[in-house]
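Asker: Got a structure for you, questions after.
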Amino acid sequence: MLLRVTFTAPIQMPGLVLDPRWYRRAVFYEVLVRSFSDSDGDGVGDLGGLIAKLDYLQWLGVDAIWVPPFYRSPMRDGGYDVADFRSVQPELGSIDDVRRLVSDAHARGMRIVLDLPLNHTSDQHEWFRQSRADPDGPYGDWYVWRDTDTGFPRTRIIFTDTEESNWAFDPVRRQFYFHRFFSHQPDLNYENPAVRAEILDTMRFWLDLGVDGLRLDAIPYLFESEEGNGEGEPPTHAFLREVRSMVDAEYPGRMLLAEANAWPQEVATYFGTAEAPEAHMAFDFPVMPRVFYAMRSQHAGELVKVLQEAHADVPDGAAWGAFLRNHDELSLEMVSEEYRHAMYGWYAYDPRMRANVGIRRRLAPLLDNDREEIELAHALLLSLAGSPFLYYGDEIGMGDNIWLPDRDASRTPMQWTPDRNAGFSSADPGKLVLPVVQSLVYHYQHVNVEAQLAQSRSLLRWIRGALHVRRQHPVFALGDLRVAPSDHESVLAYVREYAGSEQAFGDRPETVLCVFSFAHTPVSARISLDGLAGAAATDLFGGGRFPAVGDDGALEVTLGARGFYWLRLEPVPRVG
Ligand code: GLC
Ligand code: MG
């Protein structure tokens with residue numbers, strides 16, 4: 001039997017058309033269409049299935065859905081190997097289904113963000129077929145062709161598990177082509193103005209259909225050079241500025257999200273500057289691995305550092321996209337060797353758990369299915385500067401399947417019910433796009449949406465509650481973040497502060513102190529709160545009164561193992 005639950009009244013959403021900077025107040029949710037819900041019983045999730053689950057997402061408190069590629073594709077890289085940017089892979093649906101997804105989401109106050117892998121195509125794309133067959137033809141120069149495989153010597157290999165070079169020999173054209181990812185994914189030649197124009201038109205095609213934003217996949221890698229490392233080269237930023245000007249001029253209110261997995265100091269460059277903006281949002285790759293590091297090292301220091309350094313001054317209107325997990329491996333490319341080794345030891349003790357330079361596991365298994373730790377991770381995710389991104393299934397603590405190849409380990413079907421195929425599909429179980437998780441700890445018979453709806457203190461209900469609390473306090477979306485010194489190495493504290501300037505939204509000034517303990521046993525810590533001496537403190541979840549900040553501007557807190565607080569601080573009005 002498929003899920004039949006009536007959802008209670010949805011949490012109120014901000015107006016859909018009113019806020020051109022909607023993405024700053026949004027909670028995002030990533031849905032792999034083929035693994036979410038199968039509406040036609042062929043064993044593959046589809047757009048119809050996603051549309052049917054919009055009520056669930058609205059009930060959960062999601063404002064925007066990030067939809068990874070559903071374009072026509074041989075599916076050798078989960079659809080990031082596109083064979084036609086303007087059509088939908090038949091088992092996933094049709095262009096009309098995309099239209100319906102957009103309008104049905106909008107009717108519920110939710111937005112749709114599509115994913116555009118614009119750095120490369122599949123080798124099955126018509127452009128590539130023509131390019132290899134006819135070097136002098138109209139597509140001859142659409143990819144990066146050379147007579148040797150020695151160009152761009154400083155570009156690193158990303159898919160280290162499968163690739164030995166960024167060049168592959170094409171027996172048809174008898175030349176080498178450049179590829180940053182799989183060898184079946186040739187890189188487009190961005191030096192060619194026709195390529196750039198076509199990609200801009202592809203964006204227009206989907207924006208004309210009404211989508212609210214575009215995730216710019218693998219954005220650092222568009223241009224390469226002999227001297228550079230092919231990541232964030234100046235012409236790549238110049239093109240990004242061109243994309244932004246196009247969107248600002250032709251589609252105001254739509255959002256561009258940069259997937260730039262780069263070193264902490266570099267990620268913010270994808271926002272551009274106030275005068276020359278680039279993406280509206282960028283994934284917070286600097287913070288993500290450091291959250292996991294803190295959990296096991298029981299040290300907050302690295303997070304403090306990255307929050308103080310990488311987060312310094314982003315241009316007005318720009319927003320970080322905070323996340324814990326997504327459809328890719330938990331990347332350890334941008335941490336030091338020492339940290340990488342420590343992380344592998346803690347989180348990927350079985351070599352099967354690794355993929356490329358990272359870890360291919362889901363959130364709950366990473367955190368040992370420990371409820372306290374999962375709550376702590378979400379308390380961080382939902383209170384960091386920027387907008388949070390959830391990954392489907394993590395709200396119910398879904399497990400993974402490390403026996404599946406590559407990143408499919410954490411892309412298995414959503415677990416809706418304890419029934420056949422976890423309520424994901426009515427197909428013969430052998431026909432499913434990927435098998436449902438049946439492991440001892442994460443079996444769909446007990447880890448599923450229906451069971452968690454039936455349990456008032458389930459993870460699902462806790463996360464929904466936390467999203468609700470976050471929504472009531474725009475300080476989380478819009479406030480500044482200032483790290484507050486703590487005298488305990490395991491305790492991270494920051495103050496979120498918002499002047500309430502957007503009064504049209506009913507915003508009021510607010511100050512919130514967030515405190516997190518990564519220690520595995522109870523601790524007490526002294527937090528220095530400059531300028532907040534005497535402020536009254538109240539817990540945001542239950543309204544409980546806490547001791548006020550001392551006259552010396554310090555607050556003494558005790559925290560249980562992996563404990564946290566979100567405390568509203570009411571500064572004492574200044575006299576005189
Ligand atoms: C991005 C995607 C990843 C894909 C890669 C190559 O990093 O997130 O899933 O494999 O691009 O397209
Ligand atoms: Mg289907």
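The values are calculated or read from the model by the stated rules, or taken from the named source; none is laboratory data. What you are looking at is a predicted structure, and each value in this text was computed from that prediction instead of being measured. Reconstructed Cβ throughout: ideal geometry from the backbone, glycine too, with neighbour counts over all protein chains shown.
Asker: Taking segment 180-203 as the region of interest, how many residues are assigned to a helix (DSSP H, G or I) and in contact with a Phe, Trp or Tyr (Cβ under 8 Å, 6 or more places away or on another chain)? So that I can check it myself, show each step before the final result.
Answerer: From segment 180-203, those assigned to a helix (DSSP H, G or I) are 193-203; that's our starting set.
When the remaining residues are screened for being in contact with a Phe, Trp or Tyr (Cβ under 8 Å, 6 or more places away or on another chain), the result is 194-196, 202.
Residues in segment 180-203 being assigned to a helix (DSSP H, G or I) and in contact with a Phe, Trp or Tyr (Cβ under 8 Å, 6 or more places away or on another chain): 4 in total.
Asker: A follow-up question, please. Residue by residue through segment 35-67, note down the ones that are within 16 Å of ligand 2 (Cβ to nearest atom), part of a loop (DSSP other than H, G, I, E, B) and of a type outside the set (A, V, I, L, M). Walk me through how you get there before you give the answer.
Answerer: From segment 35-67, those within 16 Å of ligand 2 (Cβ to nearest atom) are 35-53, 67; that's our starting set.
The next check asks that each one be part of a loop (DSSP other than H, G, I, E, B); those that pass are 36-46, 53.
Across segment 35-67, the qualifying residues are PHE36, SER37, ASP38, SER39, ASP40, GLY41, ASP42, GLY43, GLY45, ASP46, LYS53.
Asker: Can I ask one more? What are the pairs, 6+ residues apart or on separate chains, where a residue within segment 166-190 that is over 16 Å from THR148 (Cα atoms) has its Cβ under 8 Å from a residue that is within 16 Å of ligand 2 (Cβ to nearest atom) and at pLDDT below 95?
Answerer: Going by the 8 Å Cβ cut-off, there are no qualifying pairs.
Asker: Does any residue of segment 318-330 turn out to be closer than 23 Å to TYR29 by Cβ and modelled with pLDDT under 95? Don't jump to the end; show me each part of the working.
Answerer: Start the filter on segment 318-330 by keeping residues that are closer than 23 Å to TYR29 by Cβ, which leaves 318-330.
Adding the requirement that they be modelled with pLDDT under 95 leaves none.
No - not one qualifying residue is present in segment 318-330.
Asker: Here are VAL113, VAL211, VAL172: which of them is within 22 Å of SER94 (Cβ to Cβ) and either part of a loop (DSSP other than H, G, I, E, B) or within 16 Å of ligand 2 (Cβ to nearest atom) (or both)? Outline the logic, then answer.
Answerer: Values: VAL113 fails: either part of a loop (DSSP other than H, G, I, E, B) or within 16 Å of ligand 2 (Cβ to nearest atom) (or both); VAL172 fails: within 22 Å of SER94 (Cβ to Cβ).
None of the others qualify; the one that does is VAL211.
Asker: I'm trying to understand the selection: among the residues of segment 491-511, which are without any contact (Cβ under 8 Å) to a residue 12 or more places away in the chain and among the charged types (D, E, K, R)?
Answerer: ARG508
Asker: Condition (residue is more than 23 Å from ARG86 (Cα to Cα), of a type in the set (Lys, Arg) and part of a loop (DSSP other than H, G, I, E, B)) applied to segment 147-169: is it met by at least one residue? First the steps, then the outcome.
Answerer: At the first step, the residues of segment 147-169 found to be more than 23 Å from ARG86 (Cα to Cα) are 147-169.
Checking which are of a type in the set (Lys, Arg) leaves us with 154, 156.
Okay, now just the ones that are also part of a loop (DSSP other than H, G, I, E, B), so 154, 156.
Scanning segment 147-169, I find at least one residue that is more than 23 Å from ARG86 (Cα to Cα), of a type in the set (Lys, Arg) and part of a loop (DSSP other than H, G, I, E, B), so the answer is yes.
Asker: I would also like to ask the following. Looking only at residues that are under 14 Å from the mean Cα position of the chain (by Cα) and at positive phi in segment 382-398, which one is surrounded by the fewest Cβ atoms within 10 Å (Cβ to Cβ)?
Answerer: So the residue we want is GLY386.
Asker: Moving on to the next point. Just checking, how many residues over segment 158-205 are of a type in the set (Val, Ile, Thr) and away from ligand 1 (no atom under 14 Å from the Cβ)?
Answerer: Taking segment 158-205 and keeping what is of a type in the set (Val, Ile, Thr), we get 158, 160, 162, 172, 195, 199, 202.
Next, only the ones that are away from ligand 1 (no atom under 14 Å from the Cβ) stay: 172, 195, 199, 202.
Of the residues in segment 158-205, 4 are of a type in the set (Val, Ile, Thr) and away from ligand 1 (no atom under 14 Å from the Cβ).
Asker: Same structure again: Give me a count of the residues in segment 156-172 that are among the aromatic types (Phe, Trp, Tyr) and either surrounded by fewer than 17 Cβ atoms within 10 Å (Cβ to Cβ) or within 17 Å of GLU329 (Cα to Cα) (or both). Break it down stepwise before answering.
Answerer: Narrowing segment 156-172 to residues among the aromatic types (Phe, Trp, Tyr): 159, 167, 169.
Filter again for either surrounded by fewer than 17 Cβ atoms within 10 Å (Cβ to Cβ) or within 17 Å of GLU329 (Cα to Cα) (or both), leaving 159, 169.
Number of matching residues: 2.
Asker: Oh, and also: Going through segment 60-89 one residue at a time, which ones are away from ligand 1 (no atom under 16 Å from the Cβ), more than 18 Å from the chain's Cα centre (by Cα) and crowded, with 19+ Cβ neighbours inside 10 Å?
Answerer: Across segment 60-89, the qualifying residue is only VAL88.
Asker: Looking only at segment 541-569, count how many residues are surrounded by fewer than 21 Cβ atoms within 10 Å (Cβ to Cβ), in a loop (DSSP other than H, G, I, E, B) and of a type outside the set (Phe, Trp, Tyr).
Answerer: The number of residues fulfilling the criteria is 12.
Asker: Report, by residue number, each residue of segment 366-381 that is part of a loop (DSSP other than H, G, I, E, B) and surrounded by fewer than 20 Cβ atoms within 10 Å (Cβ to Cβ). Please lay out each step first, then the result.
Answerer: The initial filter retains those residues of segment 366-381 that are part of a loop (DSSP other than H, G, I, E, B), namely 367-370.
Result: ASP368, ASN369, ASP370.
Asker: Scan segment 83-99 and tell me whether some residue there is out of contact with any strand residue (DSSP E or B) (no Cβ under 7 Å at 6 or more places or on another chain), part of a helix (DSSP H, G or I), under 18 Å from THR202 (Cβ atoms) and away from ligand 2 (no atom under 15 Å from the Cβ).
Answerer: The answer is yes; a qualifying residue exists.
Asker: A follow-up question, please. Determine which member of the set ASP134, ASP147, ASP141, ASP81 is closer than 24 Å to VAL433 by Cα and modelled with pLDDT of 95 or more.
Answerer: Working: ASP134 fails: closer than 24 Å to VAL433 by Cα; ASP147 fails: closer than 24 Å to VAL433 by Cα; ASP141 fails: closer than 24 Å to VAL433 by Cα.
Step by step, each of ASP134, ASP147, ASP141, ASP81 is checked, and only ASP81 is closer than 24 Å to VAL433 by Cα and modelled with pLDDT of 95 or more.
Asker: Condition first: at pLDDT 95 or above, under 30 Å from TRP22 (Cβ atoms) and of a type in the set (Val, Ile, Thr). Can you find one or more residues in segment 518-536 that meet it?
Answerer: The answer is no, given that none of the residues of segment 518-536 is at pLDDT 95 or above, under 30 Å from TRP22 (Cβ atoms) and of a type in the set (Val, Ile, Thr).
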